[in-house]
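The values are calculated or read from the model by the stated rules, or taken from the named source; none is laboratory data. Only a predicted model underlies this, so the values are computations on that prediction, with no experimental measurement involved. Ideal geometry is used to build each Cβ from the backbone, glycine not excepted, and the neighbour counts take in all protein chains shown. Ligands, DNA and RNA are stripped out before the accessible areas are found, and what is left, the full protein with its side chains, is counted by its heavy atoms. Shrake-Rupley method; radii C 1.70, N 1.55, O 1.52, S 1.80 Å.
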Amino acid sequence: METTTIPVSGMTCASCSAHVQRALEHTPGVSAASVNLLLENAIVSFDPSVVQADRLAEAIRATGYGAEIPATAPEPIDEQQAQDEAQVAEYRDLRLKALVSLGAAIVGMVVSMPVMRALSALGHHDHGGAPGGDPFMRWSHAVIDPWLSAWLPWLYAIDTSWLLGLLLGLTSVVMGWTGRHFYTRAWSAFRHHTADMNTLVAVGTGAAFLYSLAATFVPGFFLSRGMTPDLYYEAVLFIVALILVGNMFEARAKRQTSSALRALAALQPDTARVVRDGGDVDIAIADVVVDDIVLVRPGERVPVDGVVIEGASAVDESMLTGESLPVEKRPGHAVIGGTVNRTGAFRYRASNLGASSVLSRIVRLMRDAQASRAPIQRLADRISRVFVPVVLSVAVATFVVWFVAADEAPLVRALAAAVAVLIIACPCAMGLAVPTAVMVSTGRGAELGLLIKGGEALQRSGDVTAVVLDKTGTVTEGRPVVTDMVVGPAGRDEARLLQLVASLEASSEHPLADAIVRAARDRGLGLLPANDFASITGRGATGRVDGHAVVVGNAASMAGQDIDVTSLADAAETLAERGRTPVFVGIDGRPGGLLGVADPVKASAPTAISRLRALGLEVVMLTGDHRATAEAIAREAGIDRVVAEVLPEGKVAEIERLQAGGHVVAMVGDGVNDAPALAQADVGIAIGTGTDIAIEASDVTLMRGDLRGVADAIALSRGTMRTMKQNLFWAFAYNTLGIPIAAGVLYPAFGLLLSPILASAAMAVSSVSVVTNSLRLRVLRVA
């Protein structure tokens, strides 16, 4: 299977994205498709032996929307910057069109006043003075017309035919330029046998314009049949103007939803100072190559990833990790491109560049996350698929009922009510309800040092009822030290024992192995070549060192190698009760000795555990460590329930047991041995300082390795779900209440009708309100 991202243009509402997604899902060879209205793209997983990417783009174009496969896959940061520029251009274009349309609508309103008065003087009803028609225009005629005639008498002296020509000209310009895209997209949708928001706007304003056109050129046709030749030019102008104003504010608000991602992309400097030909020169970032020596001075931003080779400093990594305190950097330490050097100067060797850099990978991860869909989105999709056809049917029924039942001006009332139904029913808010919340929430998560891999992970995190914690590197610092050594029958002395074990463990990635190697080096012991190294996941390691068969690990590991460590059992128990991890050593099939390794509990762990409990969660610690050691660590961290001495498969079994008991489980870990449990859990949370495998298997990554991030992620998810439900409720409630009112159900009892102009204003307000509600997540307090 391959996955590709295809830019899609022309989508304006939930019906559009649902239509494109349905077309992709029905394309042979496609296993999954996710279409994002905000990011205007489609992420498609497909079988390349069945279908090619070009065919996918054709399938999108066949639905009436634009799609082109990029010639080359752009780097994530460049892609984000290009999207930002496109969003700015879109906002400016909408702002210009909205201002022009609004100005034309105001002029149209003023010009329509003397036209209405002239028609009334001829004995005709107009929609401003008639008992039926547009209630907004009726109000404007009663209130504005007297004031206007007193201040602008010259306007009322102009020949009515000239004013009609001006109204027609203004409306034609607005429909043909500023609102042209509504009609072209509606026509495209019609050609592809579908309907969307543009269909509703185009049918509504188009019907009002054609009616006005007929009333302008053949008024006698209406008068001969006792009908009023009403004009709706100003209504068309206001509807298009207000919808464009709503689109403008919506575009501005949508751009704010990706502010965190934009801030990340802006972290990368444009240039780097590197050593070339014996001197320091400034070059473009794109010209930096691997192994270039880069110089960074105080206050400068680190241009690319690398490893410090000279100098020392403190680097602010808060924009990437959420860690507020600067991090010390010395030779051998890794630095990340985009972070800020605070105090000292240093030189470092460039390593990961371009798309493989940490910053690019984070931007890519966030873009993928924001493009993904939360499961709750399916509800909006199902409704959107049938919404527009249903609204068109309701509008036709409204027209027929009013035309048949109205006792006065039936055609005028039927037209006004039907247009109001079409305009107020645009499903824009429904399409924005979930994606805007996902975008803002993932951005807020990045500010907190949380990388959340998509809408599904975000939604599941809010449902978590039990949190399972790995011990080493999760509850503890993960940087243990050797504190005790016991020499066994096969061990010669402490130095020889430590040298053999460290030589073998030098090939392991486990934190305990790192502690043993550091202990040997601190004592000035040289490491010997090790052969036949094999890692026994969850137990230890085996190999040959200096001609000896060496086994290092827990009691189960010794038993697996038929090594009897009974003589060391009491010493191991004593170490465990003191919170040390006992590490057995077997040499040539005999007990060689015992090492005691202590790993201090993270300072933030007790607070984090307390917060998880305050959220009503059950907290469990899983570890392959000795029971007594695990219980000592758990007591210090404030954890009541411990499952100790379990292998990776045992961790998976414990999570399955919790799930079978009805829990939604989040697993937090950092090592290779945690990857199966992370994958089994409903939500896998990896410590960012851990292994790439653990991070790959997770749904959420804690960038700064602080366990309090687990509570932050769950609180953020719950807040996001509340926002999504509020958005969906108001989007549905708006349409559920608005459509019947627009159809005129309140008229028999209260005499109330909804003007199409007010309907367009309400439609614009609904979309902006949904996006604004999502933006509140930017300041959500999670602690």
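Some notes on this structure:
- Within segment 198-211, residues that are in a helix (DSSP H, G or I) sit with their Cβ atoms under 6 Å from residues that are surrounded by fewer than 24 Cβ atoms within 10 Å (Cβ to Cβ), at 6+ positions apart or across chains, in these pairs: N198/R185; N198/A186; T199/A186; A202/Y183; A202/A186.
- R704 being within 29 Å of R460 (Cα to Cα), basic (K, R), assigned to a helix (DSSP H, G or I) and touching a residue at least 60 places away in the same chain (Cβ under 8 Å): no
- Segment 100-142, residues that are over 15 Å from L164 (Cβ atoms) and modelled with pLDDT of 80 or more: V100, S101, L102, G103, A104, A105, I106
- Counted as qualifying within segment 578-651 are the strands (runs of 3 or more DSSP E) with 1 or more residues that are within 35 Å of the chain's Cα centre (by Cα), namely 618-622, 641-643.
- Where S372 falls short, out of the listed (1) touching a strand residue (DSSP E or B) at 6+ places or on another chain (Cβ under 8 Å); (2) within 30 Å of D287 (Cα to Cα): (2)
- Condition met for R492 (of a type in the set (K, R), open to solvent by 30 Å² or more (accessible area, probe 1.4 Å), closer than 27 Å to V646 by Cα and assigned to a loop (DSSP other than H, G, I, E, B)): no
- Scanning segment 266-284 for residues that are in contact with a helix residue (DSSP H, G or I) (Cβ under 8 Å, 6 or more places away or on another chain), of a type outside the set (S, T, Y) and assigned to a strand (DSSP E or B) gives a single hit, A272.
- Of all residue pairs spaced 6 or more apart or on separate chains, those with beta-carbon atoms under 7 Å, a first member in segment 412-429 that is surrounded by fewer than 24 Cβ atoms within 10 Å (Cβ to Cβ) and a second member that is assigned to a helix (DSSP H, G or I) are A414/F399; A414/W402; A414/F403.
- Annotation note: of E58, E40, the sole residue that is open to solvent by 10 Å² or more (accessible area, probe 1.4 Å) and modelled with pLDDT of 85 or more is E58.
- Check on G473, assigned to a helix (DSSP H, G or I) and on the phi > 0 side of the Ramachandran plot: yes
- In segment 167-186, of all residues being open to solvent by less than 80 Å² (accessible area, probe 1.4 Å) and of a type in the set (A, V, I, L, M), the one that is modelled with the lowest pLDDT corresponds to A186.
- In this structure, R361 qualifies as open to solvent by 50 Å² or more (accessible area, probe 1.4 Å), out of contact with any Gly (no Cβ under 6 Å at 6 or more places or on another chain) and in contact (Cβ under 8 Å) with a residue 12 or more places away in the chain.
- Close contacts from segment 610-637, counting a first residue that is in contact (Cβ under 8 Å) with a residue 60 or more places away in the chain and a second that is open to solvent by 40 Å² or more (accessible area, probe 1.4 Å), with Cβ to Cβ under 6 Å and a gap of 6+ residues or different chains, come to V620/R641; A637/P606.
- The residues of segment 509-540 that are in contact (Cβ under 8 Å) with a residue 40 or more places away in the chain, open to solvent by less than 50 Å² (accessible area, probe 1.4 Å) and on the phi < 0 side of the Ramachandran plot, listed by number, are P511, L512, A515, I516.
- Counting only helices (runs of 4 or more DSSP H) that fall entirely inside segment 377-466 and contain at least 2 residues that are more than 29 Å from L38 (Cβ to Cβ) and in contact with a helix residue (DSSP H, G or I) (Cβ under 6 Å, 6 or more places away or on another chain), the qualifying elements are 377-405, 410-424.
- Selection status of E90, in contact with a strand residue (DSSP E or B) (Cβ under 8 Å, 6 or more places away or on another chain), under 22 Å from V20 (Cα atoms), in contact (Cβ under 8 Å) with a residue 12 or more places away in the chain and not basic (K, R): no
- Qualifying residue in segment 300-311 (condition: of a type outside the set (A, V, I, L, M, F, W, C), at pLDDT below 85 and touching a strand residue (DSSP E or B) at 6+ places or on another chain (Cβ under 9 Å)): no
- Subset of segment 730-768 that is closer than 28 Å to V434 by Cα and of a type in the set (S, T, Y) - its residue that is most open to solvent (accessible area, probe 1.4 Å): T736
- Whenever a residue of segment 453-478 is within 17 Å of L615 (Cβ to Cβ), its partners that are among the charged types (D, E, K, R) and assigned to a loop (DSSP other than H, G, I, E, B), lying with C-beta atoms within less than 6 angstrom and at least six residues away or across chains, give the pairs R460/D682.
So that you can scan it fast, the table gives a plain yes or no per residue for (1) of a type in the set (F, W, Y); (2) surrounded by 20 or more Cβ atoms within 10 Å (Cβ to Cβ); (3) modelled with pLDDT under 80; (4) more than 23 Å from A425 (Cα to Cα):
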site	(1), (2), (3), (4)
M197	no, yes, yes, no
T205	no, yes, no, no
A214	no, no, no, yes
F222	yes, no, yes, yes
R225	no, no, yes, yes
D230	no, yes, yes, yes
F238	yes, yes, no, no
L244	no, yes, no, no
R262	no, no, yes, yes
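- Filtered by the rule that a residue be among the hydrophobic types (A, V, I, L, M, F, W, C) and either part of a strand (DSSP E or B) or surrounded by fewer than 21 Cβ atoms within 10 Å (Cβ to Cβ) (or both), segment 1-37 gives M1, I6, V8, V30, A32, A33, V35.
- When each of D699, D640, D706 is tested for being over 29 Å from L575 (Cα atoms), open to solvent by 10 Å² or more (accessible area, probe 1.4 Å), acidic (D, E) and modelled with pLDDT under 90, the lone residue that passes is D699.
- Qualifying residue in segment 248-270 (condition: farther than 26 Å from L775 by Cα and in contact with a strand residue (DSSP E or B) (Cβ under 9 Å, 6 or more places away or on another chain)): yes
- Meets criteria (outside any strand (DSSP E or B), of a type outside the set (V, I, T) and on the phi > 0 side of the Ramachandran plot) for G478: yes
- Enumeration of residues in segment 517-546 that are out of contact with any Leu (no Cβ under 6 Å at 6 or more places or on another chain) and among the charged types (D, E, K, R): R518, R521, D522, R523, D532, R539, R544
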